There are 2 protein chains.
Amino acid sequence: TKALAILSSDALSSVAYGPEQILIVLATVGAVAYWYSIPIGIGVLILLLALILSYRQIIFSYPHGGGAYVVSKQNLGVIPGLVAGGSLLVDYILTVAVSVSAGTDAITSAIPILHSHTVFIAVLLVIFITILNLRGLTESASILAYPVYLFVVALVIIIVVGLFNVITGNGPQVTHSPIGTTIPGGISLFLLLKAFSSGCSALTGVEAISNAIPNFKEPSERNAAKTLTMMGLILAVLFSGIMFLAYWYSITPNAEETVMSQLGSEIFGRNIIYYFIQGTTALILVLAANTGFSAFPLLAYNLASDKFMPRMYLLRGDRLGYSNGIITLGVASILLIIAFQGKTEQLIPLYAVGVFVPFTLSQTGMVIKWLREKPANWFPKMITNLVGALISALVSIIFLTTKFNQVWSILVFLPLIVYLFLTIRKHYEAVGDQLRLNNDIPDKIKGNIMIVPVAGITKVVERTMQYAQGIADEVYAVYISFDKESEQQMRDKWETWNPNVKLIVVHSEYREITRPLLKVIDQMEQKAHENGFEITVLIPQFITKKNWHNVLHNQSSLLLRAYLLHKRSVIVTTVPYRFKV
Amino acid sequence: TKALAILSSDALSSVAYGPEQILIVLATVGAVAYWYSIPIGIGVLILLLALILSYRQIIFSYPHGGGAYVVSKQNLGVIPGLVAGGSLLVDYILTVAVSVSAGTDAITSAIPILHSHTVFIAVLLVIFITILNLRGLTESASILAYPVYLFVVALVIIIVVGLFNVITGNGPQVTHSPIGTTIPGGISLFLLLKAFSSGCSALTGVEAISNAIPNFKEPSERNAAKTLTMMGLILAVLFSGIMFLAYWYSITPNAEETVMSQLGSEIFGRNIIYYFIQGTTALILVLAANTGFSAFPLLAYNLASDKFMPRMYLLRGDRLGYSNGIITLGVASILLIIAFQGKTEQLIPLYAVGVFVPFTLSQTGMVIKWLREKPANWFPKMITNLVGALISALVSIIFLTTKFNQVWSILVFLPLIVYLFLTIRKHYEAVGDQLRLNNDIPDKIKGNIMIVPVAGITKVVERTMQYAQGIADEVYAVYISFDKESEQQMRDKWETWNPNVKLIVVHSEYREITRPLLKVIDQMEQKAHENGFEITVLIPQFITKKNWHNVLHNQSSLLLRAYLLHKRSVIVTTVPYRFKV
Ligand SMILES: [K+]
Ligand SMILES: [K+]
Ligand SMILES: [K+]
Ligand SMILES: [K+]
Ligand SMILES: [K+]
Ligand SMILES: [K+]
């Protein structure tokens, strides 16, 4: 049941903002339209039922975890798989952005003085979660289960007490618009669909369990399916309860205080129970954000092992690949939070599209799978997934049409990211071809020339010369002079020191270093290659005792190394010199 | 005269905010106190006279440019020099922040719809100036002189028309408080001093000419002194004119519209002349910000060549050192603008202290110089600088006492930066001692071992092996395996390929790479050093054709190289492999 709790945080937490989204749309017409939240809520529940049934089937078909990327790629082909993958990246980034913003709303509703610091608090929370994850917080940490239990308890309390008030007539003073009230001027179907699609944000996160089946005890499929059903039931109860009470108490959405907070205030006043509800709400939302941090690096890893994303998300060793994923997610969600000024209701449309596009694709994938494999009893199963696919597609389309202003960017982003995925894959394949051994016999190296740029005669130069003379056939020191005086001085010093190395002095007219040095190296390289010699440039690097001391050294050698490697493809040997201070 | 124009932009532009600062302080008492702006303005003019006379003497004494850092260091010692240097860094950063903020105020006063975007516009302007300077905009670009001429013309127009109105009685409908009106409840000396010190912000920038004498035609000192006097006269006229009109029109400072804009509106209405005035004001302020970009990198260079700042500001070659200064200045002023939300009047106290502390120190330095050298006629000269020093010190002290809340941070910053300067110097000197050649004879290297980490058998490995075999006495390939299967596969392939190199296979239990590899290298290094052998690790680096392709490669090799250099001080050879795609 711990698994149930932690995996459910994403789905259950959306009760904190889902009902509010419906009311925000209805509020544009007026309080008189609030009764529509009841039929719309019933529509959301039906969709929830369809999704739960569909996902149960995915659990049994993909017992090793059936993310939308895998299911779509296997059944629909690469491009739909990549569309699903791209949407899922959006989904996870927005899981973090939306959950943290909504969590911040819960906090600022309870403590209004913090309201003007919304963005700051949200960014701080993301940084906090990012650091926890970088330090290796595991989803299985059982302490993470408690916020979910507490949240369910808190919501059950508010719903039970609220309903008790309603039944005993101790309800609100304000009267809600009775169901069926006609709206002066009418209400458009467009607006109702908009409200419905907004409410579907309450369903984001229900897919989490189907991705994590191996985490369940054996028989894991059966246990995962049971958990999913149970979670669906709890979600249905909490959503219905909050939706009904919000309608009955005629709560008007308000940018400064969430619907949940208003409801809590109305029922309990601002007492300890109210703060308990707000606190657990904030906690479960932070936990929901955390699920994004488990899912994103895994998806990035899968995409990277299929060569659609950079290898940096694949790096094995020291969790580095995962760390890259975690950092990418943290930075992306912070940027989104800042761009949207932490406004939850403006982030939600993007989030919902990011969720419902992969919903649609994975259900469609399942339909194709049933049609192709036709196992026993395939027809009802196919119909179940078909219904799931159709409703999900419908919700996506409703979002795109009713909230085009807010979600058009995803229409730009998805083709772009798919193109990027394909470009990356193409690059890796071309590189692989190039690296494969063939029967070309490489040119024989006849000897090695080493070049050491020197700025004076120091211990570092001494050590570097010694190393170079040990391995190279010829060693040259290159000194860039700015004036005749220093030039002569250097020549004299060199002669006195006499390390049996030829000193090449180049005069730089404009006090430049990099360019004259490159020129010398170019000339030597040409000559060397004609004779089958290989050139290596030796650059000393100071290893400082304190990290910040690095700022005081090495800039020019870093620059020179980058130049030599990238512009000239010269072999560069870095000779470290460790400071004692 | 072009030199006059461009060098004067910093000083003349402060007329755009100086008078306003006086009124902002007086406004806390009420409009009835505005008449005090006249005596306070006269005080500012007297201070201007003292500064001009003092700086004329600095020009003749330091014909190669007498920045406060140089003058203070030479005459007062290192610590006062560093205090001056630290304050000047503040001065230049705030020259940019204040001028750009004030320029943005000029723009948003004219186009109120932009007011809510103040910070954004200011940051954009700084980025714009930074890029221009990185691309090598020179102060001598003669086009830069025009904004100064136009600004002077604009201000002369507003002053002449304004005075004409006043004389002909077509002046404002509102009545100004007559000079000498008593304030009910009285006015404190504290407040008057505060207003006076605020008004001194109009004098920031007068030092610019004394730093740039070599830019003048011969006889350069005489020309520079003439230019300084002329600029002082123009500044005095413009400041007096604006101050008087602001008083006569009884302009009340206002966060949304500058005093200059209000004055322009009153006199001309919002017609073309008004927009011309606002436009040229914004332009000259941007130009003033630009002077910070000429001065800061030069000061950083001077401090760096005295080893008080990191060598990165000194890097000769390709203007890199200057670029580092320009970027530092751009970033610092953007951070300040954001921190102060682009509020000019809150930035000004810091700016003024940053200006008047070096004023004080360089004048004091001159006093000491006269006392020490006693040339002909030294006494009146000494007195002139002494008066300059005393008044500057007084202004600094007034600032520190009357605006402590806004300038305390500089009292923290200055000791800190001086400490940092000294620490950096100490580090460089310690390092220098260490690097000096002594008579220790380094251990003889008996042979070279090269280690090549391999992940498979590719062309890159082939090339790297060939290179290593050409120079090393012994070569080892190290392969990290995660499972028995891949381990056997690799061994078989290696045997078939047979490059005459011993393959060391290490099994990594936790799918890590870096740690097992380091362990192998550590073991080999210990053995090698016992036998007097040197170890080099060869790491291939992919050189991609397009820059962004770098993201797709090299992360693990970069990490490994950093580890080997910094944690182990192992010599690392980077073997570039250039992709054809
Ligand atoms: K949900
Ligand atoms: K969710
Ligand atoms: K989600
Ligand atoms: K000035
Ligand atoms: K100035
Ligand atoms: K200045």
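Quick notes
- Selection within the range B:427-440 - more than 9 Å from chain A (Cβ to nearest Cβ) and under 16 Å from A:PHE542 (Cβ atoms): B:GLU429
- Residues in the range B:567-581 that are touching a Lys or Arg at 6+ places or on another chain (Cβ under 9 Å) and at pLDDT 75 or above: B:SER569, B:VAL572, B:THR574, B:VAL575, B:PRO576, B:TYR577, B:ARG578, B:PHE579, B:LYS580.
- If the condition is being of a type in the set (Ser, Thr, Tyr) and open to solvent by 20 Å² or more (accessible area, probe 1.4 Å), then the range B:413-435 contributes B:TYR419, B:THR423.
- Test: residue in the range A:211-220 that is at negative phi, open to solvent by 20 Å² or more (accessible area, probe 1.4 Å) and within 16 Å of ligand 2 (Cβ to nearest atom): yes
- Residue in the range A:108-122 that is crowded, with 19+ Cβ neighbours inside 10 Å, in contact with a Lys or Arg (Cβ under 7 Å, 6 or more places away or on another chain) and either free of Cβ contacts under 8 Å to residues at least 12 places away in the same chain or in a helix (DSSP H, G or I) (or both) present: no
Residue-wise test of (1) away from ligand 6 (no atom under 16 Å from the Cβ); (2) within 22 Å of A:LEU23 (Cβ to Cβ); (3) over 25 Å from the mean Cα position of the chain (by Cα).
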site	(1), (2), (3)
A:ALA202	yes, yes, no
A:ILE209	yes, no, no
A:THR229	yes, no, yes
A:LEU245	yes, yes, yes
A:GLN262	yes, yes, yes
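- Near pairs, Cβ below 8 angstrom, 6+ apart or cross-chain, from the range B:455-466 (more than 7 Å from chain A (Cβ to nearest Cβ)) to any residue that is of a type outside the set (D, E, K, R) and part of a loop (DSSP other than H, G, I, E, B): B:MET465/B:PRO499; B:MET465/B:VAL501
- Test: residue in the range B:525-538 that is open to solvent by 50 Å² or more (accessible area, probe 1.4 Å), away from chain A (no Cβ under 11 Å), closer than 18 Å to B:GLU474 by Cα and under 50 Å from the mean Cα position of the chain (by Cα): yes
- Residue check for B:ALA304: open to solvent by less than 20 Å² (accessible area, probe 1.4 Å), of a type in the set (A, V, I, L, M, F, W, C), under 15 Å from the mean Cα position of the chain (by Cα) and under 30 Å from B:GLU429 (Cα atoms): yes
- Test for A:ILE273: is it touching a residue at least 12 places away in the same chain (Cβ under 8 Å) and more than 27 Å from A:ILE398 (Cα to Cα): yes
- Of all residues in the range A:481-508 being open to solvent by 90 Å² or more (accessible area, probe 1.4 Å) and within 12 Å of chain B (Cβ to nearest Cβ), the one that is nearest to B:ARG436 (Cα to Cα): A:LYS493
- Residue within the range A:441-453 that is open to solvent by less than 30 Å² (accessible area, probe 1.4 Å), part of a helix (DSSP H, G or I), in contact (Cβ under 8 Å) with a residue 40 or more places away in the chain and within 14 Å of chain B (Cβ to nearest Cβ) present: no
Conditions tested, residue by residue: (1) open to solvent by 40 Å² or more (accessible area, probe 1.4 Å); (2) at the interface with chain A (Cβ under 8 Å from one of its Cβ atoms).
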position	(1), (2)
B:ILE543	no, yes
B:SER557	no, no
B:LEU560	no, no
B:HIS566	yes, yes
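- The single residue among B:VAL96, B:VAL153 that is in contact (Cβ under 8 Å) with a residue 60 or more places away in the chain, surrounded by 24 or more Cβ atoms within 10 Å (Cβ to Cβ), away from ligand 2 (no atom under 16 Å from the Cβ) and part of a helix (DSSP H, G or I) turns out to be B:VAL96.
- Odd one out for A:ILE471, checked against (1) more than 10 Å from chain B (Cβ to nearest Cβ); (2) within 28 Å of B:TYR563 (Cα to Cα): (1)
- Which numbered condition A:LEU132 misses (of (1) of a type in the set (A, V, I, L, M); (2) in a helix (DSSP H, G or I); (3) more than 20 Å from A:PHE296 (Cα to Cα)): (3)
- Applying the condition of being away from ligand 4 (no atom under 16 Å from the Cβ) and not aliphatic (A, V, I, L, M) to the range B:196-220 and asking which residue is farthest from the other protein chains (Cβ to nearest Cβ) yields B:PRO219.
- Test: residue in the range A:178-195 that is within 16 Å of ligand 2 (Cβ to nearest atom) and away from chain B (no Cβ under 14 Å): no
- Filtered by the rule that a residue be β-branched (Val, Ile, Thr), touching a Ser or Thr at 6+ places or on another chain (Cβ under 6 Å) and at pLDDT 80 or above, the range B:172-208 gives a lone residue, B:THR204.
The values are calculated or read from the model by the stated rules, or taken from the named source; none is laboratory data. What you see is a predicted model; the values in this text were computed from it and never measured. Every residue, glycine as well, gets a Cβ built from its backbone with ideal geometry; the counts of neighbours run over all protein chains shown. Keep in mind that these areas ignore ligands, DNA and RNA; they rest on the heavy atoms of the full protein, side chains included. Shrake-Rupley method; radii C 1.70, N 1.55, O 1.52, S 1.80 Å.
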